[in-house]
Amino acid sequence: MKDRVSIDLKDGVADVRLIRADKMNALDNAMFEGILSAGDRLRETKGVRCVVLSGEGKAFCAGLDMASFAAMKAQGDGNSVTRDLPKRTHGIANRPQQCAWQWRTLPVPVIAAVHGVAFGGGFQIMLGADMRYATADARFSVMEIKWGLVPDLGGTQLMRHLVREDVARELTYTGRIFNGEEAQQLGLVTRIVADPRLAALETAKEIAAKSPDAIRAAKRLLNDAVAVDAATGLMAESVEQQKLIGSPNQLEAVASNLQKRAANYRD
């Protein structure tokens, strides 16, 4: 993981960076492994309250490494990235899909900070985050069609909750490149900012100062809201709220507000 992804944890905020800058953080086998390892580490590390995901160098992530496309051309090359994709290795996802899906299932909020390009697999990894901050001139593309492929890192399942169906179809069928401003208009980007990573870290710090129990409960509710009927969703709200009321962190939230002091939450 160390030569592809770095993690710096401070005050509850995990600053996660793709660090293959010489290749615009393109996805090779080692990068897939690094991202998966980072997700596992974050899930197991106590004290993580929010995650910021970004890329070093000129881009967030340029998508699949060109060498991987060349490997596809060779039959029986044993490429572990593309072999046996229908096999489920991480719950409902396969190994490549988990690189994007894990950010959605991570129990704490994830903010993707995007500059340069987010193409193909990089675009789908970005979609797995709870929120996406980007520069106005950042470039995006569902680029798989260029290579005769379909988005398969969870992109179809993540994108359909953010944009209209016809928009998702147009972007997928054409693979056209669009900028940050259009991405925000379409609903794919949360905020346009000059420095996405700095803005994301500021938001993450704000989130990390809230009750971690309430934040995790809110993410569970919002994740489930897209897949359940209203009755089930309303019951889920009630169940989560019942568990929170009177809990140590909820009582600390009330006390700190009434006493006008910083809260001291426990993970």
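The values are calculated or read from the model by the stated rules, or taken from the named source; none is laboratory data. Keep in mind that this is a model prediction, so the values were computed, not measured. Every residue, glycine among them, receives a Cβ derived from its backbone with ideal geometry; neighbour counts consider all protein chains shown.
Would you check which residues across the stretch 224-244 are loosely packed, with under 14 Cβ neighbours inside 10 Å, hydrophobic (A, V, I, L, M, F, W, C) and in a helix (DSSP H, G or I) and list them?
Matches in the stretch 224-244: Ala230, Ala231, Leu234, Met235, Val239.
Just one of the numbered conditions (1) at negative phi; (2) touching a strand residue (DSSP E or B) at 6+ places or on another chain (Cβ under 9 Å) is not true of Val150; which one?
It fails just one condition, (2).
Considering only helices (runs of 4 or more DSSP H) fully contained in the stretch 80-183, which possess at least 1 residues that are among the aromatic types (Phe, Trp, Tyr)?
On the way: elements: 95-105, 121-127, 155-159, 165-174.
Fully inside the stretch 80-183 and qualifying: 95-105, 121-127, 165-174.
Tell me, please, whether a residue that is over 15 Å from the mean Cα position of the chain (by Cα), modelled with pLDDT of 95 or more, not assigned by TED's automatic domain parsing to the domain that holds Asp224 and not acidic (Asp, Glu) can be found in the stretch 74-94.
No, the conditions are met nowhere in the stretch 74-94.
Scan Ala231, Ala236, Ala227, Ala255 and give me the residue that is modelled with pLDDT of 95 or more, of a type in the set (Gly, Ala, Ser) and at negative phi.
Details: Ala231 fails: modelled with pLDDT of 95 or more; Ala236 fails: modelled with pLDDT of 95 or more; Ala227 fails: modelled with pLDDT of 95 or more.
Only one candidate passes the filter, namely Ala255.
Of the residues Ala204, Ala218, Ala194, which single one is within 24 Å of the chain's Cα centre (by Cα), modelled with pLDDT of 95 or more, of a type in the set (Gly, Ala, Ser) and part of a loop (DSSP other than H, G, I, E, B)? Spell out how you get there, then give the answer.
Numbers: Ala204 fails: part of a loop (DSSP other than H, G, I, E, B); Ala218 fails: part of a loop (DSSP other than H, G, I, E, B).
So the residue among Ala204, Ala218, Ala194 that is within 24 Å of the chain's Cα centre (by Cα), modelled with pLDDT of 95 or more, of a type in the set (Gly, Ala, Ser) and part of a loop (DSSP other than H, G, I, E, B) is Ala194.
So, in the stretch 104-142, exactly how many residues are under 15 Å from Cys50 (Cα atoms) and either charged (D, E, K, R) or touching a helix residue (DSSP H, G or I) at 6+ places or on another chain (Cβ under 7 Å) (or both)? Walk me through how you get there before you give the answer.
Just the residues of the stretch 104-142 that are under 15 Å from Cys50 (Cα atoms), to begin with: 104-113, 128-133.
If we keep only those that are either charged (D, E, K, R) or touching a helix residue (DSSP H, G or I) at 6+ places or on another chain (Cβ under 7 Å) (or both) too, we end up with 104, 106-113, 128-130, 132-133.
The qualifying residues number 14.
Between Arg139, Arg216, Arg176, Arg160, which is of a type in the set (D, E, K, R) and not assigned by TED's automatic domain parsing to the domain that holds Leu36?
Numbers: Arg139 fails: not assigned by TED's automatic domain parsing to the domain that holds Leu36; Arg176 fails: not assigned by TED's automatic domain parsing to the domain that holds Leu36; Arg160 fails: not assigned by TED's automatic domain parsing to the domain that holds Leu36.
Of the residues listed, the single one that is of a type in the set (D, E, K, R) and not assigned by TED's automatic domain parsing to the domain that holds Leu36 is Arg216.
Give me a count of the residues in the stretch 245-267 that are touching a helix residue (DSSP H, G or I) at 6+ places or on another chain (Cβ under 7 Å), surrounded by 15 or more Cβ atoms within 10 Å (Cβ to Cβ) and hydrophobic (A, V, I, L, M, F, W, C).
Selection size over the stretch 245-267: 1.
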